[in-house]
Amino acid sequence: METGESMTLKRKDYTIHYIKPCTVEKGKKMAKIRLKNPPAGICNKLKKTFSDAKCFPNLGVTRIERGRKQIIIFQNGEIVIRSAENEKDVIKTADAILKALK
């Protein structure tokens, strides 16, 4: 996938809609991902793996920070990753989120 392109990369359990230069941190990447089958209770499941997961149930949002990387997971299955090192880091992060949700 070319950085910044609007093409999609389909994986088994999610689709990466884009990976592009980060608007928050120069030299980093950001991505938008959509889970194919988002489970119920996303925040509670993520808290079991990510102790720093912050839940905002009224907004349907969970936020996780890993160093400078920001991960926002919406109840509808959309994930936004900011300040990832590169494309491989985006995929590794998405895979870790998916694993925590199973």
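The values are calculated or read from the model by the stated rules, or taken from the named source; none is laboratory data. For clarity, every value in this text was computed on a predicted model and none was experimentally measured. Backbone-built Cβ (ideal geometry, glycine too); neighbour counts: all protein chains shown.
Over 24 Å from ASN86 (Cα atoms) and either of a type in the set (Val, Ile, Thr) or at pLDDT 95 or above (or both): does that describe PHE56? Write out each step before concluding.
Working: over 24 Å from ASN86 (Cα atoms): yes; either of a type in the set (Val, Ile, Thr) or at pLDDT 95 or above (or both): yes.
Spelling it out, PHE56 is indeed over 24 Å from ASN86 (Cα atoms) and either of a type in the set (Val, Ile, Thr) or at pLDDT 95 or above (or both).
Taken as a whole, segment 54-67 holds no residue that is within 20 Å of THR15 (Cβ to Cβ) and of a type in the set (Phe, Trp, Tyr). Quick one: in segment 79-91, of everything that is buried (at least 17 other Cβ atoms within 10 Å of the Cβ) and either without any contact (Cβ under 8 Å) to a residue 12 or more places away in the chain or not polar (S, T, N, Q) (or both), which residue is nearest to PHE56 (Cα to Cα)? Result: ILE79.
From the list ALA40, ALA31, ALA94, exactly one residue is farther than 18 Å from ARG11 by Cα, of a type in the set (Gly, Ala, Ser) and either in a loop (DSSP other than H, G, I, E, B) or in contact (Cβ under 8 Å) with a residue 60 or more places away in the chain (or both). Which is it? Give the derivation first.
Numbers: ALA31 fails: farther than 18 Å from ARG11 by Cα; ALA94 fails: farther than 18 Å from ARG11 by Cα.
Answer to the selection: ALA40.
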